[in-house]
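Q: Questions regarding the structure given below will be posed in turn.
What follows is calculated from the coordinates using simple rules that are stated; it is not laboratory data. This structure is a prediction, so every number in the text was calculated from the model and none was measured. So basically every Cβ, Gly included, is an ideal-geometry build from the backbone, and we count neighbours across all protein chains shown.
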Amino acid sequence: MLACVLFGRSIIFYGFNTFLVLYWMHILKQSNTSGSLALSVLFIVGATGTIIGGHLVDHIGAVKTIRFAFTIMPFLLLAFSLTKSVIVASALLLPIGMLIFIPYSAIVLLGQRYLPNQMGLASGVTLGLAISIGGIATPFWARLPMPRA
């Protein structure tokens, strides 16, 4: 179950990492610089989300932290994909960036709890396998139909 959550988060993260600037340029009709700025905002907010996620794990637990993020994220992703407004997309980018990164520390923690005698393997799986699956899935994102500008 944790692997499915890990793969889902990785696919969403790498999809945004790869296509956010292109979406900003071609769908929202903004400059390359503006798209790069949006990607930078995603990562800055994501760093904050990682810290917040660690605190949430301490206060409400790892599973509840993951559930919180993955319950809200689909609605925000749908709204983001349907908007043609730069202002709305920018506003949605903030909670999306947070929610992509909030469950990450919880996922690593659970991986280490599930393999307590093999912490290195647990960390390697949660980091390395996630990167691999996200990278493998990203080209398939390009095959999805995009809304017309």
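Q: Determine the pairs where a residue that is touching a residue at least 24 places away in the same chain (Cβ under 8 Å), located within region 40-56, has a partner that is in a helix (DSSP H, G or I) and of a type in the set (Lys, Arg) with Cβ atoms under 9 Å apart, the partner being 6 or more residues away or on another chain.
A: Short answer, once both residue conditions are applied: Leu56/Lys64.
Q: Would you point out which residue out of Ile44, Ile96, Ile136, Ile102 is within 18 Å of Cys4 (Cα to Cα), within 13 Å of the chain's Cα centre (by Cα) and not charged (D, E, K, R)?
A: Numbers: Ile44 fails: within 18 Å of Cys4 (Cα to Cα); Ile96 fails: within 18 Å of Cys4 (Cα to Cα); Ile136 fails: within 13 Å of the chain's Cα centre (by Cα).
Answer to the selection: Ile102.
Here is a yes/no grid of residues against (1) out of contact with any Cys (no Cβ under 6 Å at 6 or more places or on another chain); (2) over 17 Å from Trp141 (Cβ atoms); (3) surrounded by 14 or more Cβ atoms within 10 Å (Cβ to Cβ):
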position: Met1; (1), (2), (3): yes, yes, no
position: Ile11; (1), (2), (3): yes, no, yes
position: Phe16; (1), (2), (3): yes, no, yes
position: Leu42; (1), (2), (3): yes, no, yes
position: Gly49; (1), (2), (3): yes, yes, yes
position: Ile60; (1), (2), (3): yes, yes, no
